[in-house]
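Readers should treat all values here as calculations from the given coordinates under stated rules, not as data from a laboratory. Note that the structure is predicted; figures quoted are calculated from it, not measured. Every residue, glycine as well, gets a Cβ built from its backbone with ideal geometry; the counts of neighbours run over all protein chains shown.
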Amino acid sequence: PKPRSLKVCPSNTAASDAEQISKLRASQSPIAIAVQRCPTWSSLEPLRFKRYWDNDSNGVLLNTGQTAYFTLDSPTRPRLSGGPLIGDYIFEQMHFHWSVDDFTGCEHVLDGHGYAAECHLVHYNSKYESLEAAVEHADGLAVVGYLLEAADAPNPSFDMFVEGLEQIRKPEHSVVVSAESLAWMNREDVTTGSYVTYKGSLTTPPYTECVTWIIYEKPVQIGMEQLGLLRQLEGADSVPIERNVRPTQRHPPGHSVIYVK
Ligand code: 1SD
Ligand code: ZN
């Protein structure tokens, strides 16, 4: 179908667009997305987020036995707003999904391209008291996804983060890392580029349909050796976590994904 232009509401165009997205039918996540066939919206206001890595506090990186899980140890949490979101969303945690090969480690699949890993930045709606409370609501969470593509050369901006991974090979192990270890996200070419957005669910139990997903189209490169450090993380059975990816789910009838560029 041809790109669709939006009905313009002169008083508050951006809120009107985001409101339309908030009313879209939710699906189970992740999904495979034919990006080129999605309706294209270019009138949404830009996504706004603080440079999370400029936070002068530290973070904690934990091997949960299922993933590498990063939380920022800071009273002032970064916030995300704009784009398809109504109101602002508070950063809660970042985690990763991966597999043993370079093409089935991502959860979302864009135009048939699989990648080595996917990183999720989980935020909850500031109108709720906590992430646990927010999960009970359709507008509870906003999760930003970065696709990670295996590359021959290491990506220096991941160095600080992967040094942390070396310390948490065993489940329940954690290490204090600087917020600067998030600097790999500092990619204007990715974050000012296009993304897809849709209403979906958690990709882990209880699979609640409470997430506005925002997936950047352009992947970030990560070196093979750096990926190896993610893949060496051990689960509860003390063997490396081979795969923590939910398979793509069927789109329900009437489900929409919006391509924002
Ligand atoms: O897998 C995570 C899960 O660990 C938890 O963080 C949850 C949020 O409460 O989100 C899912 S996911 O949908 O971001 N993969
Ligand atoms: Zn996730």
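For Leu233, the amide hydrogen comes within under 5 Å of the amide hydrogens of Ile241, counting only partners 5 or more places away or on other chains and with H modelled in the peptide plane. Which of Pro75, Pro46, Pro154 moves most in a GNM of the chain, Cα contacts under 10 Å? Most flexible of the set in this elastic network: Pro75.
Of all stretches in the chain that contain no GluC sites (Glu not before Pro) in a DSSP loop with at most 10 other Cβ atoms within 10 Å, the longest one is 1-128. I want to verify a result. In a Gaussian network model of the chain, Cα cutoff 10 Å, which of these has the top mean-square fluctuation: Ala133, Ala18, Ala183? Of Ala133, Ala18, Ala183, the most mobile in the Gaussian network model is Ala133.
Rounded to the nearest Hz, the phi-derived 3J(HN,Hα) couplings of the stretch 198-208 under the Karplus curve 6.51 cos²θ - 1.76 cosθ + 1.60 (θ = phi - 60°) are 7, 8, x, 10, 4, 9, 10, x, x, 6, 5, where x marks glycine and proline. Using only alpha carbons, the chain has a radius of gyration to Kirkwood radius ratio (Rg to Rh) of 0.95. Converting phi to 3J(HN,Hα) with the Karplus coefficients 6.51, -1.76 and 1.60 and the offset θ = phi - 60°, the stretch 76-89 yields 9, 7, x, 10, 10, 8, x, x, x, 8, 9, x, 10, 10 Hz in sequence order, with x at every glycine or proline. Solvent-free Debye calculation, one equal scatterer per alpha-carbon of the stretch 106-261: log10 I(q)/I(0) at 0.09, 0.10, 0.15 Å⁻¹ equals -0.33, -0.41, -0.95.
In plain terms, the bigger the Kirkwood radius, the slower the diffusion; for the stretch 204-261, with that radius from Cα pairs, at 37 °C and 0.692 mPa s, Stokes-Einstein puts D at 215 µm²/s. Centroid-to-centroid, using Cα positions, the stretch 161-222 and the stretch 47-61 are 12 Å apart.
Residues considered: Tyr89, Tyr128, Tyr195. Largest GNM mean-square fluctuation over the chain, using C-alpha springs under 10 Å, is found at Tyr128. Shape call for the stretch 93-169 from the C-alpha gyration tensor, a ≥ b ≥ c root eigenvalues: rounded (a/c under 1.5), prolate (a/b greater than b/c) or oblate? Oblate is the answer for the stretch 93-169, as a/c is 1.5 or above yet b/c matches or exceeds a/b. Of the cross-linked pairs Lys170/Lys218; Lys23/Lys261; Lys170/Lys199, those separated by over 25 Å at the C-alpha level are Lys170/Lys218; Lys170/Lys199. Electrostatic tally near His255: other residues with Cβ closer than 15 Å to its Cβ, Lys and Arg +1, Asp and Glu -1, net +4. Using r as the Cβ-Cβ distance of Val239 and Asn58, and R0 as 30 Å, what FRET efficiency do you calculate, to the nearest 0.05? About 0.50, to the nearest 0.05. Derived scalar couplings between HN and Hα for the stretch 217-223 equal 6, 7, x, 9, 7, 9, x Hz in order, rounded to whole Hz, by the Karplus curve 6.51 cos²θ - 1.76 cosθ + 1.60 (θ = phi - 60°), x for Gly and Pro.
In a simple Cβ point-charge model (Lys, Arg +1; Asp, Glu -1; nothing else charged), the stretch 142-185 has a dipole of about 160 debye relative to its Cα centre. Would you mind classifying the stretch 160-236 by shape? Square roots of the alpha carbon gyration tensor eigenvalues, ordered a ≥ b ≥ c; an a/c under 1.5 is rounded, otherwise it is prolate if a/b is larger than b/c and oblate if not. The shape class here is oblate. Over all orientations, the stretch 15-130 has a Cα convex hull whose mean projected area works out to 9.1 square nanometres.
Counting other C-beta atoms within 10 Å, which of Phe91, Phe49 has the fewest, and how do the rest follow?
Listing Phe91, Phe49 from fewest to most nearby Cβ atoms yields Phe49, Phe91.
Counting neighbouring beta carbons within 10 Å and listing from fewest to most, the residues Lys23, Lys199, Lys50 come out as Lys23, Lys50, Lys199.
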